[in-house]
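Undergrad: One structure coming up, written as structure tokens, with questions to follow.
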């Protein structure tokens, strides 16, 4: 039964598409599809008011007759018209040349991640972003050896202190504490959120090098807290006496607070964190990952507003923390607004563009001539990129460097492009530079190919462009045949006035209102006169069978 229903739905969809693409009218030698008329009719409907489809068809035909007249006048060949239409098309096409679903997926995923906090350890094998291939391979192999040790049962912190090139390992042993969305570089965040609790990643490449990540815990997001603190610093590298003195002082402050002393007054007088001391120790609202873990964990552990902690040790000294307020992650609307506010719009656009291009590659069976790409990688050096030499055309592979659909870029054209110095592709070496240049050119050509076919691919786009096309022409031809003429044709206006003298209700005089009414009447007269001419100048043919089907649909809506 389900299969039969699906077949019926498919057949109905196909029938509707066939009707949309069927020719309903031919006005002045130009076909008009039924789909365009149906769309325009539905757009014209006012709420709670249904126009008779037959009456609207008469208006639509008149509209098309005026467009035919504009084309006959050559308005569609002017530079002004072409430029205006091209501007509309460029704006409209933007929405079709991007994967907006990718943008929404990214935002939705970020919102979901913002509701989770991850506690992770990591070990970094440092590597410069522009490292050579050999160094990159060596660093990855080193990271794999580290992972092997961890997977074999060795203690993560011990291995981290021995091998990690992250300077903070001396302080945290490789533990990053809890963090949430947008608090780590993107590849690191992606890997950490995908790992299950207890999972260990394979080498993850970032701008800093290769990371081995272990997820120690995951928990629901706790929102934000508002606290005040009193701090006594313990200088990095300070001796035991300095550390003991700081501890003695913080304990003394704690005793005074326990006996009812004012937190804000003691903060102003004794806190070493002078920025917050001036505000009675008050800090800005913060969430997990926005402040050092030891401080954050102690702050979130305070049970009630107004209570304060015992002295808490962090890498920077001793703190007493007082809870001033607490709030949860927020409503779904608040979470989304917060997430969107933290994402660079250009980054979202890039995500949507890249996803769109990847879809085009599959759609048009994009392929790279790897033999040619390897030849260019082997024969590209700094002399060539600086314009001091050119490729040896005699040794260059023939054919295309890449191809898709029925298009491709010839190796000679690719060579000329690289030699011109126009490529902005990054690359640690010639192989990456060539691969990046291929990608840049492929993206440009794939998008250009799709752009050139939008009218054929998307009926809605085609109808919108037709609407823009006809709307511009209608305005220009009406301005030329009616509005400007009514405003400037004084001879015609006098002649029209003379012809009205003997009619009932005729008013004569120089009164401004009378003159305005006369001008409006003359404009209406020109409009009607033009309409009569149009019907005699341009033949209209109606496909009665298609019209009948269209009217049935619109009458039943």
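Undergrad: Identify, by number, the condition in (1) surrounded by 16 or more Cβ atoms within 10 Å (Cβ to Cβ); (2) modelled with pLDDT under 95 that residue 388 doesn't meet.
TA: The failed condition is (1).
Undergrad: Another question about this same structure. Any idea which of (1) touching a helix residue (DSSP H, G or I) at 6+ places or on another chain (Cβ under 6 Å); (2) within 27 Å of residue 286 (Cα to Cα) is the one residue 159 doesn't satisfy?
TA: Status for residue 159: all satisfied but (2).
Undergrad: Test of understanding: among 84, 73, 55, which residue is within 32 Å of the chain's Cα centre (by Cα) and on the phi < 0 side of the Ramachandran plot?
TA: Going through 84, 73, 55 in turn, just one is within 32 Å of the chain's Cα centre (by Cα) and on the phi < 0 side of the Ramachandran plot: 84.
Undergrad: Tell me, please, whether a residue that is under 30 Å from residue 191 (Cβ atoms) and modelled with pLDDT under 95 can be found in the stretch 81-99. Even if it seems obvious, please write down each step before you answer.
TA: Step one: list which residues in the stretch 81-99 are under 30 Å from residue 191 (Cβ atoms), which gives 98-99.
The next check asks that each one be modelled with pLDDT under 95; those that pass are 98-99.
Yes, because at least one residue in the stretch 81-99 is under 30 Å from residue 191 (Cβ atoms) and modelled with pLDDT under 95.
Undergrad: Take the stretch 91-102 and flag every residue that is touching a helix residue (DSSP H, G or I) at 6+ places or on another chain (Cβ under 9 Å) and in a helix (DSSP H, G or I).
TA: 92, 93, 100, 101, 102
Undergrad: Given 39, 105, 82, which one is over 24 Å from residue 530 (Cα atoms), touching a residue at least 40 places away in the same chain (Cβ under 8 Å) and part of a helix (DSSP H, G or I)?
TA: Numbers: 105 fails: touching a residue at least 40 places away in the same chain (Cβ under 8 Å); 82 fails: touching a residue at least 40 places away in the same chain (Cβ under 8 Å).
Just a single option satisfies the conditions, and that option is 39.
Undergrad: Tell me which residues, restricted to the stretch 164-191, are touching a strand residue (DSSP E or B) at 6+ places or on another chain (Cβ under 6 Å), in a helix (DSSP H, G or I) and surrounded by fewer than 21 Cβ atoms within 10 Å (Cβ to Cβ).
TA: 187
Yes/no matrix, rows are residues, columns are (1) assigned to a strand (DSSP E or B); (2) closer than 20 Å to residue 366 by Cβ:
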| residue | (1), (2) |
| --- | --- |
| 395 | no, no |
| 403 | yes, yes |
| 427 | no, no |
| 432 | no, yes |
| 438 | no, yes |
| 441 | no, yes |
| 444 | no, yes |
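Undergrad: I'd like to verify a number: residues in the stretch 122-145 that are surrounded by 13 or more Cβ atoms within 10 Å (Cβ to Cβ) and part of a loop (DSSP other than H, G, I, E, B), how many?
TA: Within the stretch 122-145, residues that are surrounded by 13 or more Cβ atoms within 10 Å (Cβ to Cβ) and part of a loop (DSSP other than H, G, I, E, B) number 3.
The values are calculated or read from the model by the stated rules, or taken from the named source; none is laboratory data. Note that the structure is a prediction, hence the values are computed from the model and not measured. Note that we place each Cβ from the backbone using ideal geometry, even for glycine, and neighbour counts take in every protein chain shown.
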